[in-house]
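Each remark here refers to the structure printed beneath this line.
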Amino acid sequence: MLDLTSVSKTFFPGTVNERRALTDVSLSLAPAEFTTVIGSNGAGKSTLLNLVAGSLTPDSGSIVIDGSVVTRLPDHRRAAYIGRVFQDPMAGTAPTMTIEENLAIALSRGRSRGLRLGVTRSKREFFQAELASLELGLEDRLKTVVGLLSGGQRQALSLLMATFSEPRILLLDEHTAALDPSRAELVTRLTADAVERHHLTTLMVTHNMEQALRLGTRLIMMHEGRIVVDVAGEQKQRATVADLLGAFEKVKGAGFDDRTLLQ
Amino acid sequence: MTGAVELGLIYAVMALGVYLTFRILDFPDLTVDGSFTAGGATAAILIVNGVNPFAATAAGAAAGLVAGTITGLLHTKGGINPLLAGILTQIGLYSINLRIMDGANVPLLRQETLITPLRDAEVLGTWVSILIFAALALVIKVVMDWFLNTDLGLAIQATGDNPAMIRSFGVNTHRTKILGLALSNGLVALCGALIAQYQGFADISMGIGLIIAGLASVILGQAIIPPRIIVVATAAVIAGSVLYRVAIQIALEVGLDPNDMKLVSAVLVVLALVLPKWSVLRRVPSIRSIRRSAAVEPTAGDR
Ligand SMILES: Nc1ncnc2c1ncn2[C@@H]1O[C@H](COP(=O)(O)OP(=O)(O)OP(=O)(O)O)[C@@H](O)[C@H]1O
Ligand SMILES: [Mg+2]
């Protein structure tokens, strides 16, 4: 579904501020594979997601989504394939617009937008049903301006907007990090539900190792712009937080030229 | 005073255009001064040359569409800052407007214009003409309300609200910005074409400082009618435009020098912008302040 081949990205190349964010990263995700991504600050996790989404273009390498090469396509031309939720609850919604208007925008993902009314009665019914699944009471607040919602409510709405139009790929960048524990738990549960329901190929960045182990079918750890751990299936099921910490220490000690795999 | 109300209703067309860029697109567009004159100049010169006044007025509006498109291209494809992009088009238009008119002004005396029937029927300055101009402003308002609620209109609204978000849903924000700027300046130029016919001439300086009048109308309107939804906001803009003209009229009748009006307008806008920030006067948070506080995840530049 998603294939990255030898992707590299350097910010401000050739200047004193040069930052190698990704070095020769290759990653292949099968359809409906749910991959969690962990790694220290600055490891390149967000850069990886930005490259997939098209917010950034790689210096070299190629990105293929569902058989089409998208390496140089700008973000808005990949949008039909990709749903996204950011860490900042403000980032995924239009704050001065209403819940139903935001949902209408999301529902037309990747399609050309013409002069048809954005919010129709039939769409409204659909929105209400979808919002009810969030169990936040938002189904009765379709005309509420999104800027008035709490962070957790906005993040749940962002998640719904990212997933209900059924993209191929879902990109989640620490999307529960800004929420209090109970809200984070709710959004995590909604995430697992949505991924399952729509069979989304998912990349989820998190700093919570326990969460990274519990969710998904595959786990990768990044360090200094490389994927240093990649486990899936039973191996992932058996792994513990201690294993991950151990692997991380080993990678750090070995320097970033060594590609160590978790055994 | 009815004259001021009339003027306010005609200028409301311009104010609606300014609302589209400043409030909806969050783009402080200074093209306005130039596109207003371009609309007036184009319509006037065509009327003088015997073109049907309806067609001439439409051509005036089209001139504004082009001007707005140019500002949009300068900003999106040229990567030029919004204020500067608008100023560049505005300055360029100064020369172009002189070319269009082949001079600094075009008198429309004894020409058949859209206003002639009203003048002949002697309804100008009466409730009849106020109703007619109100109907015009209302029609434009309703069309704008409808447009902003279409799929495309929602995309334009979101472009001003959270560009990264709307791009992530597949909208080319270059296009929505250019479209918004074109439509806005089309309205402004349409207003210029109407004003030229109303006052009986087009003049190279007719648009100077107009952006302040537009802003003042938008701000005044929103001060008296806090906008929650588009339908209310556009009504507020029309009310603001009328209020602004009436305020100017009162100032003149009190004996202020007409030459001081630009300063009065500028001070009015400054007050309207600054007063709400003083805590004593701070009211319930407006939609605008919610938008301001809404930080948006930085992305790799605006495309
Ligand atoms: N837009 C940018 N401009 C310049 N440098 C950047 C940019 N984005 C990321 N970087 C740099 O690239 C490297 C990788 O950053 P990235 O944001 O991908 O890390 P991350 O793994 O997401 O970290 P975190 O856990 O802190 O979110 C860092 O050194 C960062 O400073
Ligand atoms: Mg990050």
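The values are calculated or read from the model by the stated rules, or taken from the named source; none is laboratory data. This one's a predicted model, so the numbers in the text were calculated from it and none came from an experiment. Glycine also receives a Cβ, built like all others from the backbone with ideal geometry; neighbour counts cover every protein chain displayed.
Within 14 Å of chain A (Cβ to nearest Cβ), closer than 15 Å to A:Gly92 by Cα and among the charged types (D, E, K, R), is that true of B:Asp151?
The answer is no for B:Asp151.
Out of everything in the range A:58-73 that is within 16 Å of ligand 1 (Cβ to nearest atom) and crowded, with 16+ Cβ neighbours inside 10 Å, what residue ends up being nearest to the other protein chains (Cβ to nearest Cβ)?
A:Pro58
If you scan the range A:37-57, which residues turn out to be within 11 Å of chain B (Cβ to nearest Cβ), of a type in the set (Val, Ile, Thr) and within 13 Å of ligand 2 (Cβ to nearest atom)?
Hit for the range A:37-57 is A:Thr47, nothing else.
Within the range A:191-214, does at least one residue satisfy the condition of being assigned to a helix (DSSP H, G or I), closer than 17 Å to A:Arg154 by Cα, small (Gly, Ala, Ser) and more than 16 Å from ligand 1 (Cβ to nearest atom)?
Checked the range A:191-214: at least one residue is assigned to a helix (DSSP H, G or I), closer than 17 Å to A:Arg154 by Cα, small (Gly, Ala, Ser) and more than 16 Å from ligand 1 (Cβ to nearest atom).
Among the residues of the range A:23-31, are any away from ligand 1 (no atom under 16 Å from the Cβ), at negative phi and not in a strand (DSSP E or B)?
Yes, the range A:23-31 has at least one match.
Output the residues belonging to the range A:74-102 that are within 15 Å of the chain's Cα centre (by Cα), farther than 23 Å from A:Ala184 by Cα and more than 9 Å from chain B (Cβ to nearest Cβ).
A:Tyr81
Looking at (1) out of contact with any helix residue (DSSP H, G or I) (no Cβ under 9 Å at 6 or more places or on another chain); (2) more than 26 Å from A:Gly233 (Cβ to Cβ), which is the one condition that is false for A:Tyr81?
So the condition that A:Tyr81 fails would be (2).
Being more than 22 Å from A:His175 (Cβ to Cβ), away from ligand 2 (no atom under 16 Å from the Cβ) and not in a strand (DSSP E or B) narrows it down to one of A:Val64, A:Val7, A:Val16, so name that one.
So the residue among A:Val64, A:Val7, A:Val16 that is more than 22 Å from A:His175 (Cβ to Cβ), away from ligand 2 (no atom under 16 Å from the Cβ) and not in a strand (DSSP E or B) is A:Val16.
One residue is enough: does the range A:214-222 have a residue meeting the conditions buried (at least 16 other Cβ atoms within 10 Å of the Cβ), within 16 Å of ligand 2 (Cβ to nearest atom), among the basic types (Lys, Arg) and farther than 19 Å from A:Phe86 by Cβ?
No: zero hits.
Checking A:Thr120 against (1) out of contact with any helix residue (DSSP H, G or I) (no Cβ under 8 Å at 6 or more places or on another chain); (2) farther than 22 Å from B:Pro163 by Cβ; (3) touching a residue at least 40 places away in the same chain (Cβ under 8 Å); (4) within 12 Å of chain B (Cβ to nearest Cβ): exactly one of these is not met. Which one?
Unmet condition: (3).
Which pairs turn up if I take residues in the range B:7-21 that are part of a helix (DSSP H, G or I) and look for partners that are among the acidic types (Asp, Glu) with beta carbon separation below 6 Å, at least 6 apart in sequence or on another chain?
So the pair list comes out as B:Thr21/B:Asp29.
Residue-wise test of (1) modelled with pLDDT under 90; (2) over 20 Å from B:Tyr19 (Cα atoms).
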{"position": "B:Val242", "(1), (2)": "no, no"}
{"position": "B:Pro258", "(1), (2)": "yes, yes"}
{"position": "B:Val264", "(1), (2)": "yes, yes"}
{"position": "B:Val269", "(1), (2)": "yes, no"}
{"position": "B:Pro285", "(1), (2)": "yes, no"}
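So is B:Ala43 part of a helix (DSSP H, G or I), in contact (Cβ under 8 Å) with a residue 40 or more places away in the chain and in contact with a Ser or Thr (Cβ under 7 Å, 6 or more places away or on another chain) or not?
Judged against the criteria, B:Ala43 is a match.
Picking from A:Asn41, A:Asn50, which residue would you name as being without any contact (Cβ under 8 Å) to a residue 12 or more places away in the chain, over 30 Å from A:Thr120 (Cα atoms) and not in a loop (DSSP other than H, G, I, E, B)?
Among A:Asn41, A:Asn50, only A:Asn50 is without any contact (Cβ under 8 Å) to a residue 12 or more places away in the chain, over 30 Å from A:Thr120 (Cα atoms) and not in a loop (DSSP other than H, G, I, E, B).
Among the residues of the range A:142-156, what is the count of those that are within 12 Å of chain B (Cβ to nearest Cβ) and crowded, with 24+ Cβ neighbours inside 10 Å?
2
Each row is one residue, and each column tells you yes or no for (1) in contact with a Gly (Cβ under 9 Å, 6 or more places away or on another chain); (2) closer than 26 Å to A:Thr201 by Cα.
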position: A:Leu103; (1), (2): no, yes
position: A:Arg111; (1), (2): yes, yes
position: A:Leu148; (1), (2): no, no
position: A:Gly151; (1), (2): no, yes
position: A:Leu157; (1), (2): yes, yes
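Please work out which residue is surrounded by the fewest Cβ atoms within 10 Å (Cβ to Cβ), limiting yourself to the range A:164-187 and to residues that are within 14 Å of chain B (Cβ to nearest Cβ) and away from ligand 2 (no atom under 16 Å from the Cβ).
If we take residues in the range A:164-187 being within 14 Å of chain B (Cβ to nearest Cβ) and away from ligand 2 (no atom under 16 Å from the Cβ), then A:Glu166 is surrounded by the fewest Cβ atoms within 10 Å (Cβ to Cβ).
Select from the range B:154-209 the residues that are of a type outside the set (Val, Ile, Thr), over 27 Å from B:Gly3 (Cβ atoms) and more than 8 Å from chain A (Cβ to nearest Cβ) and list them in ascending order.
B:Gly160, B:Pro163, B:His174, B:Arg175, B:Lys177, B:Leu179, B:Gly180, B:Leu181, B:Ala182, B:Leu183
Could you please find all residues in the range B:176-213 being surrounded by 24 or more Cβ atoms within 10 Å (Cβ to Cβ) and not in a helix (DSSP H, G or I)?
B:Ala202, B:Gly207
Being within 12 Å of ligand 1 (Cβ to nearest atom) and in contact with a Gly (Cβ under 9 Å, 6 or more places away or on another chain) is the requirement here; does A:Thr15 meet it?
no
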